[in-house]
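One structure is given here, and the rest of the page talks about it.
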Amino acid sequence: MIISFVLACSEGERLLDKQDLTLPYRIKNFEEHPCLTLGDYFRAATSALLEKDAQPLISCLKAVSGVNLLRRDVDKIVVRSEKHGALYHVASIDIHAAGLKIKLALNTALSSSSAFMLEKEYRTLESLSSKENPSLIPIPFWKTKVNAGRQGEYFLFAFVRWFDDYHEWHISGRDKRNKDIITIWDAGRRYRRATHKEVYDIYRLASRLLTLYYDTLSFSQIRPWHHAAGDFVVGKKDGITDVRLISARDYSPSPLFCSGKKPLPILALIYFLLELSVRMRLDKIDGTGNASWAGKTSCHGAVDGFFEGVGKLESDKRLAGVHRNELISVIRSFEPAEYLRLLEPIADMIASEDQADYDLILSNLEDHSHDLYQTVRALRI
């Protein structure tokens, strides 16, 4: 069995040599661990892959491929470092076995930083995997801990489904027509700008997905998420734009409803839409730069995707406590000033999360209320 380590980058990927493996392990994009190296990470990942004589890996390969494989069938494994996120180190694993190539995702966290959050996310994914279409979010396969260094730290590794040929994307700026430049990070075919239709579909499908996982009785929803974290990825399915969610850190109601009297289900769902419409517009330039506010297309996509999701919830008899036609009637009755008043507590809530996002929201909130008004009035449903 041959195991190799590679690094993904915008130009493609490169094989790591012994010198590369002596470089410090990054805890975040721009923060290096004082002791651990990149080699420590890759060696620990290899131990996780082969633990218990590779039986968890073999069971996973069968679940993905439907083929009974043995350890001796595995010819080659490629561990590819994809990115250092704000919370986790993300890698993809290529397993070549018996003529098959099977790909997994590997999320990694250190005990000293965010292992507890990865534990929580793994449990959330387990819980959500049977709630809605399981192809929309990663299926968790197994997790394990491997000691790291001499300070009592450990790597927590979570192996989940990898969405092959799906890519991270971010706002890169505005063009001469003041339209968003959305860059799709397709390292295999080089980074490229999304078309206007793709941009609309990205926001529509991401909003639809989150709505499908909304619970109208408990008000629980997948949260938190942020485009700057690369939580949604985009690809093509039968030539049509498709979006998947690669992270589900928690499943809980909005903090707006965590104290006081429980609101009516229709009011909670309206606030879900309003918060969704704001968060869909938030990103950072190229994922790590200055906070960025998306243009009107994101608002159109968010509203359309929400109502597509509501329609599916209704047809599946999961729109408990809410009637779709009543929801549409109420939302269409709002004037821009009423949208603005309803959006203010959402902005205040985000203020405790990220000051840059809050400042950006405040400077755009009045315009956003008008965008919502116009978008809702133009709905053809």
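In the structure displayed, which of Lys131/Lys312; Lys131/Lys237; Lys179/Lys284 lie more than 20 Å apart, Cα to Cα?
Lys131/Lys237
If amide hydrogens are placed 1.01 Å from N in the peptide plane, which non-local residues have theirs closer than 5 Å to the one on Tyr154?
When sequence neighbours closer than 5 places are left aside, the close amide H contacts are Ser111, Ser112, Ala148.
Measuring from the lowest to the highest alpha carbon on each principal axis, how far does region 177-219 reach, largest first, in angstroms?
Answer, in whole Å and largest first: 43, 29, 12 Å.
For the chain, what is the calculated [θ] at 222 nm in deg cm²/dmol (nearest 500), taking -39500 (n - 2.57) for each run of four or more DSSP H residues and dividing by its residue count?
Using -39500 (n - 2.57) per qualifying helix, the result is -12000 deg cm²/dmol.
Compute the length gained on full extension between Gln55 and Lys296: take 0.36 nm times their separation in residues and subtract their Cα-Cα distance, giving the result in nm to one decimal.
My answer for the length gained is 81.8 nm.
Check Trp169: other-chain or 5+ apart residues with amide H under 5 Å from its amide H, H built from backbone geometry?
When sequence neighbours closer than 5 places are left aside, the close amide H contacts are Trp185.
With springs only between Cα atoms under 10 Å apart, run a GNM on the chain and tell me which of Val74, Val278, Val243 wobbles the most.
Most flexible of the set in this elastic network: Val74.
Asp242's amide H: which non-local residues (gap 5+, or another chain) put their own amide H closer than 5 Å, with H modeled 1.01 Å from N in plane and none for Pro or chain starts?
Residues meeting the amide H criterion: Gly235, Lys236, Lys237.
Which entry in [x] -0.36, -0.69, -0.88; [y] -0.51, -0.77, -0.95; [z] -0.25, -0.56, -0.82 matches log10 I(q)/I(0) by the Debye sum over Cα atoms at q = 0.06, 0.09, 0.11 Å⁻¹ derived from the coordinates of this structure?
[z]
Express the relative contact order of the chain as a whole percentage, based on alpha carbon pairs under 8 Å and six or more residues apart in sequence.
Averaging sequence separation for qualifying contacts and normalising by length gives 13 percent for the chain.
Helix 38-50 against the longest principal axis of the chain: what's the angle in degrees, Cα atoms only, rounded to the nearest 10?
Tilt relative to the chain: about 90 degrees.
Just the C-alpha atoms of region 77-138: what Rg/Rh do they give, with Rh taken as the Kirkwood radius?
1.04
Which entries in Lys176/Lys296; Lys236/Lys317; Lys83/Lys197 show an alpha-carbon gap greater than 25 Å?
Lys236/Lys317; Lys83/Lys197
What part of the accessible area of region 266-353, given as a whole %, is carbon or sulfur when the probe is 1.4 angstrom?
51 percent
Just tell me which aspartates and glutamates come within less than 12 Å, Cα to Cα, of Lys145; anything on the same chain fewer than 8 places away is out.
Within reach: Glu51, Glu119, Glu153.
Each residue of region 275-284 in turn: what ³J(HN,Hα) in whole Hz from Karplus with 6.51, -1.76, 1.60 and θ = phi - 60°, glycine and Pro shown as x?
These are the phi-based 3J(HN,Hα) values: 5, 4, 5, 6, 5, 4, 8, 9, 8, 10 Hz.
Of Leu61, Ala97, Met117, which is farthest along the charge dipole of region 33-134 in the positive direction, counting Lys and Arg as +1 and Asp and Glu as -1 at C-beta?
Among Leu61, Ala97, Met117, the one farthest towards the positive end of the dipole of region 33-134 is Ala97.
Relative to the first principal axis of the alpha-carbon coordinates of the chain, what is the inclination of helix 115-128, with its axis defined by its Cα atoms, in degrees from 0 to 90 and to the nearest 10?
Here the helix axis deviates by roughly 70 degrees.
The values are calculated or read from the model by the stated rules, or taken from the named source; none is laboratory data. Keep in mind it's a predicted model, so treat the numbers as computed, not measured. No Cβ is skipped: glycine too gets one built from the backbone with ideal geometry, and neighbour counts run over all protein chains shown. Just so you know, the surface numbers come from the protein's heavy atoms only, side chains and all, with ligands and any DNA or RNA stripped out. Shrake-Rupley method; radii C 1.70, N 1.55, O 1.52, S 1.80 Å.
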